[in-house]
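Trainee: One structure is given below, represented as structure tokens, and several questions about it will come after.
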Amino acid sequence: MTPTRRRRLLGALVIVLGVAIAAALISMAFRENLTFFFTPSQVAAGEAPVGQPLRLGGLVVPGSIERGEGLGVRFAVTDTATEVPVYYEGVLPDLFGENQGVVVRGSLDASGRLTASQVLAKHDENYMPPEVADALRAQGAMPPHEMVR
Amino acid sequence: MNKWLHSWAAPMVFYDRAGRLLLPLWMLAVVLTGIGVVWGLFLAPADYLQGDAFRIIYVHVPSAWMAMFVYMFMASAALVALVWRVKLAEVLARESAPIGAVFTALALATGSLWGKPMWGTWWVWDARLTSVLLLLFLYLGFIGLQSAIDDRRLAARAGAVLALVGVVNIPIIHYSVVWWNTLHQGASVSRLDAPAIDPSMLWPLLLVAAGFTSYFGALLLLRARLEILAREAGRRWVAERLQVAEQ
């Protein structure tokens, strides 16, 4: 390799490395802002702000869904460690249901209840035909929703 | 091997060899994508949770893979163009950008169409979606830079720097679903343990991905040949080939 080419290659590597370091530093600085939602455990630990808009992510606790008047619905969101009660008035996405991953936007009140303005269903990475899902259920292995690591 | 690789860099040699590769690549693209799409859209079973709506995966995921693959191809060609000043690498980087941009737009559009019924929203600013949108802007910036500078060799060098800067975004896209809590789900196929997608649904996905890759190859060679003709216009070998084509 000629000295000129080596110099150019070095320059290219410096660009890539420099940008990578800058990106890493920026993402560390904005760590909280890059996180799309808080988990119920983070809410319980007091990491989530009270009275300010935030997002909460977790699984819908089985048996916790209570339909109220009109479009009002109450349910609880869990990360298997702790639960947060949620109240929402509005249209729910198709995938919403028990044990389904959801991301809820709203604000916490002082008692730790979240009043939601938007409910999004979070799909997991599992895809399977209904027969396979049934077979898994028969073995007691369902549901595979494991969005909370 | 090295000698053989170098022989490709001559515009005339590349023009002729690429011309011979075109037909096989187009056939591969049509056959693989055709089988994959029919298999995926009609024969593969519906998902247990999403029903038939999951079938958009057969366009969305291969497009998203291609969006990243084409970018890495473009950036590699740009590096070769920047360091070794190989004209052919300049052509390949320049001509792959629009194809990558279209794949990125397709991934974003199909994801949005799926997101509305499944998530309940067309768009969220989570790390995955935002970093893919940034990828689209990187492509568009590269294309804009290429067309803003009349001197093609100068444009190639300027574009190469931009392409290399954008490389940092590729691992961010891939690992965004791991590093941060995102609304977008994690990887189903490219992960260390077994794919989280049933084999009956996975095979058509891989076929479409192979088909899209062939399509990229065919389209790239086609575009690169035209660009080479434009760059080499006035040379004798160009005149010879155009005369043959006319007869």
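The values are calculated or read from the model by the stated rules, or taken from the named source; none is laboratory data. A quick note: this is a predicted structure, and the numbers were derived from the prediction, not measured. Cβ sites come from the backbone with ideal geometry, for glycine too, and all protein chains shown count toward neighbours. Please note that ligands, DNA and RNA were not included when accessible areas were found on the heavy atoms of the full protein model with its side chains. Shrake-Rupley method; radii C 1.70, N 1.55, O 1.52, S 1.80 Å.
Trainee: In whole Å, what three semi-axes, largest first, describe the equivalent ellipsoid of chain A built from its Cα gyration tensor (square root of 5 times each eigenvalue)? Walk me through the intermediate numbers first.
Mentor: Details: eigenvalues 336, 111, 33 Å².
Ellipsoid semi-axes (Å, largest first): 41, 24, 13.
Trainee: Now a separate question. Spelling out what I want: for every residue of region B:6-18, take phi, set θ = phi - 60°, compute 6.51 cos²θ - 1.76 cosθ + 1.60 (Karplus), and round to whole Hz; glycine and proline get x.
Mentor: Residue by residue, region B:6-18 yields 5, 5, 5, 5, 5, x, 5, 5, 4, 4, 5, 5, 4 Hz.
Trainee: Need the list of lysines near B:K116 for cross-linking: C-alpha distance under 28 angstrom, and skip anything on the same chain fewer than eight residues off.
Mentor: Partners within reach: A:K122.
Trainee: Before I look further, what does region B:74-204 give for accessible area per residue, probe 1.4 Å, in whole square angstrom? Write out the running numbers ahead of the final one.
Mentor: Working: 5200 Å² over 131 residues.
For region B:74-204, the per-residue accessible area is 40 Å².
Trainee: May I pose another question? Convert each backbone phi in region B:107-116 into a coupling constant with the Karplus relation 6.51 cos²θ - 1.76 cosθ + 1.60 (shift: θ = phi - 60°), then list the ³J(HN,Hα) values in order as whole Hz, x for Gly and Pro.
Mentor: Here the 3J(HN,Hα) series is 4, 5, 5, 5, x, 5, 4, 6, x, 4 Hz.
Trainee: Only counting protein heavy atoms at a 1.4 Å probe, give the residues of region A:85-100, ordered by number, whose accessible area falls by 20 Å² or more when the other protein chains are present relative to the chain alone.
Mentor: A:P93, A:D94, A:L95
Trainee: For the protein assembly as shown, give the share of DSSP beta bridges that are antiparallel, in percent and rounded to the nearest 5; count only bridges with both residues there.
Mentor: On the way: 27 of 33 bridges.
Percent antiparallel among DSSP bridges in the protein assembly as shown is about 80.
Trainee: Further question: Under a 5 Å amide H to amide H cut-off, with H placed in plane at 1.01 Å, what residues pair with B:Y48 once short-range neighbours are removed?
Mentor: Those qualifying (amide H under 5 Å, at least 5 residues apart or on another chain) are A:M128.
Trainee: Determine the shielding of peptide A:2-13 by partner chains: average, over its residues, the number of Cβ atoms on other chains within 10 angstrom of each Cβ.
Mentor: Details: counts 1, 0, 2, 4, 1, 1, 7, 4, 1, 4, 9, 3.
Across A:2-13, the average partner-chain Cβ count within 10 Å equals 3.
Trainee: So, one more: Quote the FRET efficiency, to the nearest 0.05, computed for A:L13 versus B:R17 with a Förster distance R0 of 22 Å and r equal to the Cβ-Cβ distance. Before the final figure, lay out the partial values.
Mentor: Details: r = 31 Å, r/R0 = 1.41.
With R0 = 22 Å, the Cβ-Cβ based efficiency is 0.10.
Trainee: Rg/Rh for chain B: what does it come to with C-alpha atoms and Rh from Kirkwood?
Mentor: Values: Rg = 20.0 Å, Rh = 19.7 Å.
Looking at chain B, the ratio lands at 1.02.
Trainee: Ballpark to the nearest 100 Å², how much total accessible area do A and B bury together, probe 1.4 Å?
Mentor: On the way: alone 10100 and 13340 Å², together 19820 Å².
In total, this chain pair buries about 3600 Å².
Trainee: Express the carbon and sulfur contribution to the solvent-accessible surface of chain B as a percent, rounded to the nearest whole number, probe 1.4 angstrom. Don't jump to the answer; show the numbers that get you there.
Mentor: Details: 8200 of 11520 Å².
The value for chain B is 71 percent carbon and sulfur by accessible area.
Trainee: Shifting gears a bit: Only Lys, Arg, Asp and Glu count, each charged at its Cβ (+1, +1, -1, -1), so figure out the dipole size of chain B about its Cα centre, rounded to 20 debye. Write out the running numbers ahead of the final one.
Mentor: Values: 19 positive and 14 negative charges, 159 e Å.
Rounded to the nearest 20 debye, it is 760 debye.
Trainee: Follow-up. What is chain B's relative contact order, in percent, from Cα pairs under 8 angstrom and six or more apart in sequence? Display every interim value, and only then the final one.
Mentor: Details: 281 pairs, mean separation 81.5, N = 247.
Reported as a whole number, the value is 33 percent.
Trainee: Another question about this same structure. How large, in percent, is the carbon and sulfur part of the accessible surface of chain A at a probe radius of 1.4 Å? Don't jump to the answer; show the numbers that get you there.
Mentor: Numbers: 4520 of 8300 Å².
That fraction is 54 percent.
Trainee: Would you please give the FRET efficiency between A:M28 and B:R241, computed as 1/(1 + (r/R0)^6) with r the Cβ-Cβ distance and R0 = 41 Å, to the nearest 0.05? It would help to have the intermediate numbers written out before the result.
Mentor: On the way: r = 55 Å, r/R0 = 1.35.
Computed FRET efficiency for A:M28 and B:R241: 0.15.
Trainee: Once R0 is set to 41 Å, what does the formula 1/(1 + (r/R0)^6) return for the Cβ-Cβ distance between B:W8 and B:Y175, expressed as a FRET efficiency to the nearest 0.05? Write out the running numbers ahead of the final one.
Mentor: Values: r = 34 Å, r/R0 = 0.83.
E between B:W8 and B:Y175, to the nearest 0.05, is 0.75.
Trainee: What nm value, rounded to one decimal, do you get for the distance between A:Q52 and B:M27 when each label is placed 7 Å out toward the C-beta?
Mentor: According to this spin-label approximation, the distance is 6.3 nm.
Trainee: Additional query: Please enumerate, by chain and number, the lysines with C-alpha under 29 Å from the C-alpha of B:K3, excluding those fewer than 8 residues away in the same chain.
Mentor: By straight Cα distance, B:K3 reaches B:K87.
Trainee: Relative contact order of region B:6-103, please, whole-number percent, based on alpha carbon pairs below 8 angstrom and at least 6 residues apart. Before the final figure, lay out the partial values.
Mentor: Numbers: 51 pairs, mean separation 24.9, N = 98.
25 percent.
Trainee: Moving on. Using the Karplus curve 6.51 cos²θ - 1.76 cosθ + 1.60 with θ = phi - 60°, what ³J(HN,Hα) values do you get for each residue of region A:10-17, in whole Hz, with x for Gly and Pro?
Mentor: Going residue by residue, I get 4, x, 4, 5, 4, 4, 4, 5 Hz, with x marking Gly and Pro.
Trainee: For the protein assembly as shown, what are Rg and Dmax over the alpha carbons, in angstrom?
Mentor: Just the Cα atoms of the protein assembly as shown yield Rg and Dmax of 25.1, 84 Å.
Trainee: Once amide H atoms are placed 1.01 Å from N in the peptide plane, what residues at a sequence separation of 5 or more from A:Q118, or on another chain, have their amide H within under 5 Å of its amide H?
Mentor: The list, which skips near neighbours in sequence, is A:R105.
Trainee: Now, a different point. Check which residues have an amide H placed less than 5 Å from A:Q100's amide H, if you skip close sequence neighbours.
Mentor: Those lying under 5 Å, H to H, from A:Q100 are A:V60.
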